[in-house]
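**Q** Below: one structure in structure tokens.
The values are calculated or read from the model by the stated rules, or taken from the named source; none is laboratory data. All of these numbers come straight from a predicted model, not from anything done at the bench. Note that we place each Cβ from the backbone using ideal geometry, even for glycine, and neighbour counts take in every protein chain shown. Each accessible area value is taken on the protein alone, full model and side chains, heavy atoms only, with ligands, DNA and RNA left out. Shrake-Rupley method; radii C 1.70, N 1.55, O 1.52, S 1.80 Å.
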Amino acid sequence: MPVAPNDSDDPSSPSASGASAPSGDSARGLSGLGLGSASRAAATLGALWLLVFTAASQTIIITPILPVIGEALRVSDALLGWLIPAYSWALAAAALVMGPVSDRIGRRRVLLIGSGALAGALLLHGLVGSFVGLMGARVLAGACGGMLSGAAVSYVGDAVPYSRRGWATGVVMSGVPVGLVFGVPIGRVLAAGLGFRVPFIIFAALMALTCVLVLAVVPQPKVKLDESRLDLPAFLAGYASLLRSGDNRAAAVTYFLMYLGLGLLIAYLPIWISATQPLGVTLFGEPLAVFGLPIDFIATLFSVGGLASVLIGPWAGGLSDRTGRKPMILVSCIGLGLVTLGLTYVVGEARWALYPIYIAIMGFFALRASPLQALLTALVPGRQRGTLMSLVIAVGQIGTGVGGIMAGALYGAWGFRSVTFASAATVVVLAWVVWRYLPEPTGQAECVEPLAA
């Protein structure tokens, strides 16, 4: 499926709107994003940001509180690792269904349904009393999260011109690192002090607020919807049509490898830290605390790493609008591979060394996330965007789950250093796939094949 300068069915492209790409001061303003007035654009991006922040925080929080869950429910480390693939694979299955659905009913409806359902699923986490119950709640949350997977990025792709899409994507997706700065550390503190159920109840309230905001301020973009019927044969035909394109296959492989490497590295990092480093944090001899609850080392580590992502994510997206997406993705892969490979060699008894290491890991990951997502939104026209984004995110979630299982096996057999080696090797393969097979779009793709009947 070739990449063309514009797509007549996509209002985010210049030809569809009848206007040239924004430039000058107007290009840098919110009113130049194709979302209406500046205030309406700010409200829309704000609602999408809160959705991403909450969805990401409730996903990432599992990793740093695994030791807390294991102690509360008396579960072994090996069994705890299954919470990650259980969520990821449920999300992947739901995403494969909801991607084509969003192309047919519109992104706004999917955002409403998904945010409301996820709020209910997160509330159930506060009622579980066993590991089996928690596993069931995570599977349900994964299925609800699958409704939202890719929806925010697809929405930006529908509504924002490609020349501004990197910046807008970076702003919306900065909700992920802000979750690392605030949501995850505070959630870790609350979980350690009040129980692992408390953070999920708070995230449920935030997701309910998100649902209200989407209903109130987020419009449906004026993008042409897929008019084919809603059934399994049509879904399969749509995915088959996408995968006939080598560019789309490369995108799927890229996402799988990216999240495989991340799942390998992050899944057992807190467990390794807990086993090798003291967790107490003091300032002038006094323990640090939030709301009267002590802050531990893992909470501070996620916070500083997330801060790096907050600063780099939107900057990387905006820079990729000018320099291209692929160079930044490749630089990120090279840097991340080197840092990951040296992690266990640099960090010994001096735990402070983990701060610059983790800052570098999250910074390099943010350097490629926004450019890659903006690139993917241009591979297909608007009426197929939800299908492609859900496909690659589903594949990525499968990669996360596989990475978590592999990390558990490697960690148990040879220790955490073997995990870092495997993660670094994955990043090297990822860089080769991006360099060799992933295209560099110059504009929005045209649909050269008819939609499935």
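**Q** Where the centroid of each part is defined by its Cα atoms, how far is the range 115-144 from the range 328-354 in Å?
**A** What the calculation gives is 34 Å, centre to centre.
**Q** So if each residue of separation counts as 0.36 nm, and I subtract the Cα-Cα distance between residue 244 and residue 230, what length gain in nm does that give? Provide the component values of the computation, followed by the final result.
**A** Values: separation 14, 0.36 × 14 = 5.04 nm, distance 2.12 nm.
Result: 2.9 nm gained on full extension.
**Q** At 1.4 Å probe size, with the rest of the protein present, what percent of the exposed accessible area of the chain is carbon and sulfur atoms?
**A** Details: 11800 of 16980 Å².
About 70 percent, which is the carbon plus sulfur part of the accessible surface.
**Q** In the chain, with Lys and Arg counted as +1 and Asp and Glu as -1 at Cβ, which of these residues, 41, 68, 78, has the Cα nearest the positive end of the dipole, that is, farthest along it?
**A** Ranked along the dipole, the leading option is 41.
**Q** Note down the accessible area of residue 312, probe 1.4 Å, to the nearest 10 Å².
**A** The accessible area of residue 312 comes to roughly 50 Å².
**Q** Per residue, how much accessible area does the chain show when a 1.4 Å probe rolls over the protein heavy atoms, in square angstrom? Present the calculation step by step, with values, prior to reporting the outcome.
**A** Values: 16980 Å² over 453 residues.
Using a 1.4 Å probe on heavy atoms only, each residue of the chain averages 37 Å².
**Q** Given a 1.4 Å probe and heavy atoms of the protein chains only, how would you sort 210, 400, largest accessible area at the top?
**A** Greatest to least solvent exposure: 400, 210.
**Q** Radius of gyration and Dmax for the range 208-258's Cα atoms, expressed in Å?
**A** Gyration radius and largest Cα-Cα distance of the range 208-258: 16.3, 40 Å.
**Q** Could I ask something else about it? Which value, in debye to the nearest 20, describes the size of the charge dipole of the range 188-345 about its Cα centre when Lys and Arg Cβ atoms bear +1, Asp and Glu Cβ atoms bear -1, and nothing else is charged?
**A** Its charge dipole is roughly 380 debye.
**Q** Is there a quick way to get the dipole size of the range 36-194? I mean about its Cα centre, with the Cβ of Lys and Arg at +1 and of Asp and Glu at -1; what is the value in debye to the nearest 20?
**A** Details: 10 positive and 4 negative charges, 89 e Å.
It comes to approximately 420 debye.
**Q** Could I ask something else about it? Between residue 282 and residue 77, what length comes free when the chain is fully extended (0.36 nm per residue of separation minus the Cα-Cα distance, one decimal in nm)?
**A** In short, 71.0 nm is gained.
**Q** If each DSSP helix of 4+ residues adds -39,500 (n - 2.57) and the sum is divided by the residues in the chain, what number results at 222 nm, nearest 500 deg cm²/dmol?
**A** Result for the chain, helices only: -24000 deg cm²/dmol.
**Q** Taking the Cα-to-Cβ direction at residue 37 and at residue 205 and moving 7 Å from each Cα, how far apart do the two end points lie in nm?
**A** The modelled label-to-label distance comes out at 3.2 nm.
**Q** Positive end of the charge dipole of the range 42-183 (Lys, Arg +1 and Asp, Glu -1 on Cβ, about the Cα centre): tell me which of 102, 56, 132 has its Cα farthest that way.
**A** 102
**Q** Filter the chain for me: DSSP H helices, axial length by Cα at least 24 angstrom, mean Kyte-Doolittle hydropathy not below -1.0. List them by residue number.
**A** 38-60, 83-105, 107-124, 131-148, 197-217, 246-266, 297-323, 326-346, 354-377, 382-414, 416-437
**Q** At a Förster distance of 35 Å, what's the computed FRET efficiency of residue 353 paired with residue 198, Cβ-Cβ distance as r, to 0.05? Let's see the in-between values first.
**A** Working: r = 31 Å, r/R0 = 0.90.
After rounding, the FRET efficiency stands at 0.65.
**Q** Which of 218, 113, 205 sits closest to the plus end of the dipole of the range 74-230, meaning its Cα is farthest towards the positive end, when Lys and Arg get +1 and Asp and Glu get -1 on the C-beta?
**A** Towards the positive end, the residue furthest out is 218.
**Q** Size of the dipole of the chain about the Cα centre, Lys and Arg at +1 and Asp and Glu at -1 on the beta carbon, nothing else charged, in debye to 20? Intermediate values should be presented prior to the final figure.
**A** On the way: 26 positive and 19 negative charges, 40 e Å.
Computed about the Cα centre, the dipole is about 200 debye.
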